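Below is one structure, written out as structure tokens; the observations come after it.
The values are calculated or read from the model by the stated rules, or taken from the named source; none is laboratory data. Given the structure is predicted, the values throughout are model-derived calculations rather than measurements. Here Cβ is always computed from backbone atoms with ideal geometry, including for glycine, and neighbour counts include all displayed protein chains. Note: areas computed on protein heavy atoms with side chains; ligands, DNA, RNA excluded. Shrake-Rupley method; radii C 1.70, N 1.55, O 1.52, S 1.80 Å.
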Amino acid sequence: MADVTIDNLTKRFGSIVATNEISLDIADGELVVLVGPSGCGKTTTLRSIAGLETPTSGTITFDDADVTDRSPQDRDISMVFQDLALYPHMTAAENIAFPLHADGQQVTGTIDENVEEVARATNCDGFLEKQVSDLSGGQRQRIALARALVREPEVFLMDEPFSDLDELLKRQLRAEVMRIQKERGITMIHVTHDQEEAMTMGDRLVVMNDGEIAQIGDPDTVYSEPSNLFVAMFIGSPQINRFDCVVAGDGVLESGDLRFELPVEDAEALAGATGEEVALCVRPRHLTWSEDPDDGALAVPVTVIVTEQIGTEDIVRCETEDGVEVTAVVPANTLEFGEEGYLVFDPDHLHLFDGYDDSAERLN
Ligand code: ATP
């Protein structure tokens, strides 16, 4: 397997800038997930790595070889893309075996053995002899995955390969792909708009927004230390709570009628910023309910407007007197519609950003 280097990749379609000077190093054997909202440039980045798009500028290197001008066939990649490109009149087994018949392809064991092994891993073994045209969307997706996994390419690319599958199958296949990827040490680049999928699968996430990289990091870091307001708002479910504030004095933020006195370390990050706009964010898991918070606690008075039970927890949507929505995750069945109280912020998990735009940078 190869490592992959993307250096200053820009791709324009007429006046649209799909990717803007993206640079990224992917290590040999690493599973990197490109994640971001629709239209942020994920597929264009992947298609450029595959050789299906010609960059406007920038280079792509596999190990030490510059492959920017090589055709897809000369890059030794496997891909599973949104359109599966299966051969409808061949059987599932023939589709899976197809790449093994290519010129110069080296495999260990017979073609049938390889097909059977990968079919078992991807849950295709029950319909190997059926024609692809007779299979469901989910079954076709699994065949496309098996076909891509059957040989050992330098780089493995996946664009939303689980989109047509039901929740259970999606989880099973994700786990299988991750197992196969780790066992074989595959360099894998996976595209999804589903941030939960990204958090589960990626060794590292590349969060993209508007053709640019908003943050690169392992899932824990991206979740607990988002480097800008866009990443804070995009990663995490339920979505992070956000208060657009003005610095009113030493470590004091005001947002409408709400007033927040920050812990010392966070206050230090705002030194000299009186009068500036700052977004204060806190994740729903870092709020607790109280009827009577301690003096000096960071807390907002709210009324419960919706509760939604998810297993042993409730997602509780609340509202302040000014109509600002605040979401908390609390143990199930502890709160009811209309209940009044306070949501108290965990002082160790506050996120401060230097403004209200997506690009506002982390301050603490
Ligand atoms: P999605 O999750 O919806 O697939 P994405 O993050 O993969 O989105 P891209 O498909 O890379 O985003 O598109 C990035 C931008 O480039 C979008 O504005 C898109 O409309 C534009 N774009 C992509 N391909 C083309 C093309 N062939 N011609 C013109 N514009 C394109």
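Taking the stretch 5-49 as the range and being in contact with a Lys or Arg (Cβ under 9 Å, 6 or more places away or on another chain), of a type in the set (G, A, S), within 14 Å of the ligand (Cβ to nearest atom) and more than 12 Å from L157 (Cβ to Cβ) as the test, the residues that pass are A18, G36, G41. Screening A2 on (1) within 8 Å of the ligand (Cβ to nearest atom); (2) part of a loop (DSSP other than H, G, I, E, B); (3) open to solvent by less than 60 Å² (accessible area, probe 1.4 Å) shows it passes everything except condition (1).
Whether any residue in the stretch 41-62 is open to solvent by 20 Å² or more (accessible area, probe 1.4 Å) and aliphatic (A, V, I, L, M) is what I want to check. Yes, the conditions are met somewhere in the stretch 41-62. Here the condition is being open to solvent by less than 10 Å² (accessible area, probe 1.4 Å) and more than 27 Å from V177 (Cα to Cα); of L9, L31, it holds for L9 alone. None of A97, A148 is in contact with a strand residue (DSSP E or B) (Cβ under 8 Å, 6 or more places away or on another chain) and either assigned to a loop (DSSP other than H, G, I, E, B) or in contact (Cβ under 8 Å) with a residue 40 or more places away in the chain (or both) except A148. Somewhere in the stretch 338-356, is a residue under 24 Å from the mean Cα position of the chain (by Cα), of a type in the set (S, T, Y) and more than 16 Å from L258 (Cβ to Cβ)? Checking the stretch 338-356: not a single residue is under 24 Å from the mean Cα position of the chain (by Cα), of a type in the set (S, T, Y) and more than 16 Å from L258 (Cβ to Cβ).
Here F81 clears all of (1) within 25 Å of F162 (Cβ to Cβ); (2) surrounded by fewer than 17 Cβ atoms within 10 Å (Cβ to Cβ); (3) within 15 Å of the ligand (Cβ to nearest atom) except the condition numbered (2). Being open to solvent by 10 Å² or more (accessible area, probe 1.4 Å), basic (K, R) and touching a strand residue (DSSP E or B) at 6+ places or on another chain (Cβ under 8 Å) holds for only one residue in R171, R204, and it is R204. Criterion first (within 16 Å of the ligand (Cβ to nearest atom) and either in a helix (DSSP H, G or I) or not hydroxyl-bearing (S, T, Y) (or both)) does E176 satisfy it? Spelling it out, it is not the case that E176 is within 16 Å of the ligand (Cβ to nearest atom) and either in a helix (DSSP H, G or I) or not hydroxyl-bearing (S, T, Y) (or both).
If you go through the stretch 151-166 and keep only what is open to solvent by less than 10 Å² (accessible area, probe 1.4 Å), touching a residue at least 40 places away in the same chain (Cβ under 8 Å) and in a loop (DSSP other than H, G, I, E, B), you end up with P153, P161.
The lone criterion from (1) touching a residue at least 24 places away in the same chain (Cβ under 8 Å); (2) at negative phi left unmet by R317 is number (1). For L52, are the conditions met, namely being modelled with pLDDT of 95 or more and within 16 Å of the ligand (Cβ to nearest atom)? No; evaluated as a whole, the condition is false for this residue. For E129, state whether it is open to solvent by 10 Å² or more (accessible area, probe 1.4 Å), in contact (Cβ under 8 Å) with a residue 24 or more places away in the chain, acidic (D, E) and within 21 Å of G29 (Cα to Cα). Criteria not met by E129.
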